[in-house]
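What follows is a short report on a single structure.
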Amino acid sequence: MTDRNLQRMIHAGCRQLGLDAEARRALQQQVTGKASMSEMTAAELRLVVDRLKKDGVKAKAGGRRKPAPRADLRLIHVLWRKLGEAGALERPDRAGLNTFIRARFEARWGAVPADVDMLRDWHQIDAVLQALIAWGKRAEIDFDWSEISK
């Protein structure tokens with residue numbers, strides 16, 4: 001887990017407990033000897049997260065986004081995930097997918113939506129799918145279509 005993700009968890013946990021910034025810094029000082037998260041190592045950030053859990057912070061269920069509204073958009077996400085699992089991507093996250101779409105298609109389309117799930121034109125969706133499939137072929141990734149179609 002990245003330092004930034006741990007920091008987000010600390011902020012969210014403090015909100016759950018009703019701690020303001022001053023109280024959060026005091027807690028951090030007590031746990032790690034450092035009031036500022038930017039000065040902490042990942043191990044120290046984890047200590048703060050552990051302390052918040054001990055104090056009653058509960059992880060929220062369903063921290064994931066809802067599935068894409070359309071099957072063809074969900075397929076884009078699945079192909080992107082498969083490319084990431086195969087090691088073909090530098091950024092296998094959603095932001096990486098959106099960056100890929102912007103870099104690849106913005107000049108051709110004139111503009112791209114802020115997020116892949118906002119695509120509605122089937123020509124654009126098909127273009128993204130074909131680009132991902134071609135990338136998979138170049139990277140010699142065997143997409144298991146029987147598994148993908150589930």
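The table below gives the values:
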quantity: Hits in segment 15-43 (condition: under 27 Å from Asp93 (Cα atoms) and at pLDDT 90 or above); calculated: Met37, Ser38, Glu39, Met40, Thr41, Ala42, Ala43
quantity: In segment 35-53, residue least open to solvent (accessible area, probe 1.4 Å) [restricted to those that are closer than 13 Å to Thr2 by Cα and of a type in the set (D, E, K, R)]; calculated: Glu44
quantity: Some residue of segment 70-80 being open to solvent by less than 60 Å² (accessible area, probe 1.4 Å), in contact (Cβ under 8 Å) with a residue 40 or more places away in the chain and over 19 Å from the mean Cα position of the chain (by Cα); calculated: yes
quantity: In segment 13-24, the residues that are aliphatic (A, V, I, L, M) and either in a loop (DSSP other than H, G, I, E, B) or open to solvent by 40 Å² or more (accessible area, probe 1.4 Å) (or both); calculated: Leu17, Leu19, Ala21
quantity: Spans of helices (runs of 4 or more DSSP H) in segment 88-149 with at least 2 residues of a type in the set (Gly, Ala, Ser) and at pLDDT 90 or above; calculated: 94-109, 122-138
quantity: Members of segment 113-137 that are open to solvent by 70 Å² or more (accessible area, probe 1.4 Å) and either farther than 13 Å from Leu79 by Cβ or in contact with a Ser or Thr (Cβ under 6 Å, 6 or more places away or on another chain) (or both); calculated: Ala114, Met118, Arg120, Trp122, His123
quantity: Residues located in segment 138-150, provided they are in contact (Cβ under 8 Å) with a residue 40 or more places away in the chain and either touching a Phe, Trp or Tyr at 6+ places or on another chain (Cβ under 9 Å) or loosely packed, with under 12 Cβ neighbours inside 10 Å (or both); calculated: Ile141
quantity: Residue in segment 84-100 that is touching a helix residue (DSSP H, G or I) at 6+ places or on another chain (Cβ under 7 Å), surrounded by 10 or more Cβ atoms within 10 Å (Cβ to Cβ) and closer than 18 Å to Ile125 by Cα present; calculated: yes
quantity: Odd one out for Gly56 among (1) open to solvent by less than 30 Å² (accessible area, probe 1.4 Å); (2) more than 30 Å from Ser146 (Cβ to Cβ); (3) assigned to a loop (DSSP other than H, G, I, E, B); calculated: (1)
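The values are calculated or read from the model by the stated rules, or taken from the named source; none is laboratory data. Being a predicted model, the structure only gives us computed values, none of them experimental. Methodologically, a virtual Cβ is constructed for each residue, glycine included, from the backbone with ideal geometry; neighbour enumeration extends over all protein chains shown. These accessible areas exclude ligands, DNA and RNA; they are computed on the full protein's heavy atoms, side chains included. Shrake-Rupley method; radii C 1.70, N 1.55, O 1.52, S 1.80 Å.
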